[in-house]
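Colleague: What follows is a single structure, and I will ask about it in a moment.
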Amino acid sequence: MLILGIDTSCDDTSAAVVENGCHPLSSIVNSQVKLHHPYGGVVPELASREHLRNIVPVVEEALNQASVTFADLDGIAVTIGPGLVGALLVGLYYAKGLAKTNQLPLVGINHLEGHILSIFLEKETPSFPFVALTVSGGHTSIYHVQDYGRYIQMGQTLDDAAGESFDKVAKILGLGYPGGAAIEKEAREGKSDLIPFPRAFLGPESLDFSFSGVKTSVALYVKDWKNGKKDTTDVTLADIAASFQEAVVDVLVQKCLKAAQKTGVRDIMVAGGVACNGRLRDRFLNETRGNDLRVFYPAARYCTDNGAMIAVAGYHRILNNERMESSQDVRSKFPIQDLHPLSHALAEEDARNRNGMP
Ligand code: KG4
Ligand code: ZN
């Protein structure tokens, strides 16, 4: 079964053809990073216009690279949210047109479900149930993944996403945008335990995140450092980058281990742009060594936004005979349980259990 997956949720125009929900035949991503670079972040209007320019050639290239035509496809899956409304609209309405003209089944996909299922594009996959951490410029959440389509959100960021904090701190440190990879590179020469930037654990049982405090703390520290304040004179830019990175990584790793402990799962998967971070991977390796836990990552090209992960999610929907209503619109906010009545019921049951209610 061949599914075309399309994602235009933020600043990447992407399309891919995936066979049987696990075998990518192509994956094309047209990144807009250079376009948004001078502004230090994604400009929604520019993103929509760029998607409009790129969507047709990106889909054509995905078909060409997979050596298939529309006639060979069994369905189309497109991201309908969460994301930038103008950007999502380009993907949704193009996909609607393609499905109609080629008489193909069409399903609307939650972008975060795509990130969670991106691990099934790899040879090594976790066993259900597992814990998923989606950690990118827009999201930082932990899920208990019980099966395809059965997700319980266990925690989420209350303010900045982890990737957003990397980007904001990179700006403070003058390392450019996007900042995650630049901070990781700078941090390699620095001492990660030099400056004790705050870790927001938000209580012993909480699986929520907060990264705005650490960002503010770095900003205040850099002000003192630039003014040559006592005790900061021997500190290097690399030390600040390494100490900040360690603070973020510490929280991400500890919360995932806590989620695994709470749910009793053995497998953890980490997806989204921040999952590329080498220090995060080292820490997971160190912390899980010898305690029967396994950590899985999609390849870097599937960690960041891509159409292949949307095709994986779409495959399971289409197999399940789900179809998009013709009136379906995009959703800038889109809690994962809204798409699945079953997940919604599970989330409610989970909340009742946590509150000790019958
Ligand atoms: O998933 P993604 O490509 O786009 C979305 O935000 O949806 O993630 C991009 C984010 C950016 O915030 C970027 O700074 C961060 O991922 N990132 C990293 C690294 N590479 C990308 N953060 C930390 N370390 C990295 N090596
Ligand atoms: Zn994403």
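Colleague: What would the Debye formula give as log10 I(q)/I(0) at q = 0.20 Å⁻¹ for the alpha-carbon point model of the stretch 174-244, no solvent?
Modeller: -0.90
Colleague: Let me test this: with uniform point scatterers at the alpha carbons of the stretch 11-83, what is the Debye-based log₁₀ I(q)/I(0) at q = 0.17, 0.19, 0.20 1/Å?
Modeller: Summing over Cα pairs of the stretch 11-83 leads to -0.70, -0.82, -0.88.
Colleague: Taking only the Cα atoms of the stretch 124-297, how large is their convex hull per residue, in Å³?
Modeller: Details: hull volume 19.6 nm³, N = 174.
Measuring per residue, one finds 113 Å³ for the Cα hull of the stretch 124-297.
Colleague: Give the peptides 92-98, 312-318, 216-222 in descending order of average Cβ contacts within 10 Å, highest first. Write out the running numbers ahead of the final one.
Modeller: Numbers: 92-98: 18.7, 312-318: 26.6, 216-222: 16.4.
Highest-to-lowest ranking by the protection proxy: 312-318, 92-98, 216-222.
Colleague: Moving to a separate point now. What is the Cα radius of gyration of the stretch 114-210 over 2.2 N^0.38 Å, N being its residue count? Provide the component values of the computation, followed by the final result.
Modeller: On the way: Rg = 15.9 Å, N = 97, 2.2 N^0.38 = 12.5 Å.
Taking N as the residue count of the stretch 114-210, the ratio is 1.27.
Colleague: Can you tell which of L280, L207, L158 shows the greatest fluctuation in a Gaussian network model of the chain with Cα springs below 10 Å?
Modeller: Ranking L280, L207, L158 by mean-square fluctuation puts L158 first.
Colleague: Mean-square fluctuation check for the chain, GNM, Cα pairs under 10 Å: which of Y39, Y297, Y151 is largest?
Modeller: Per the Cα network of the chain with a 10 Å cutoff, Y39 tops the list.
Colleague: Less than 26 Å apart at the alpha-carbon level, and either on another chain or at least 8 residues along: which lysines does that give for K255?
Modeller: Reachable lysines: K168, K185, K191, K215, K333.
Colleague: Further question on the same structure: Could you check how many percent of all C-alpha pairs in the chain are farther apart than 25 Å?
Modeller: Details: 34243 of 63903 pairs.
Above the 25 Å cut-off, the chain has 54 percent of its Cα pairs.
Colleague: Now for a separate question. Give the carbon-plus-sulfur fraction of the accessible surface of the stretch 124-297 in %, rounded to a whole number; probe 1.4 Å, heavy atoms of protein chains only. Walk me through the numbers before you get to the answer.
Modeller: On the way: 3670 of 7530 Å².
The computed percentage sits at 49.
Colleague: Please report, ordered by residue number, every helix of the chain (full DSSP H runs) that is 30 Å or longer along its axis going by C-alpha atoms and whose mean Kyte-Doolittle hydropathy reaches 0.5.
Modeller: What comes out of the filter, once short or polar helices are dropped, is 237-263.
Colleague: If you count, for each residue, the other Cβ atoms within 10 Å and average over each peptide, how do 285-294, 104-113 line up from highest to lowest?
Modeller: Working: 285-294: 11.9, 104-113: 24.8.
Answer by packing, highest mean first, reads 104-113, 285-294.
The values are calculated or read from the model by the stated rules, or taken from the named source; none is laboratory data. On a predicted model such as this, the values are computed, not experimentally measured, just so you know. When we count neighbours, we look across all protein chains shown, and the Cβ atoms used for this are built from the backbone with ideal geometry, even at glycine. Heads up: the accessible areas ignore ligands, DNA and RNA and are worked out on the full protein's heavy atoms, side chains in. Shrake-Rupley method; radii C 1.70, N 1.55, O 1.52, S 1.80 Å.
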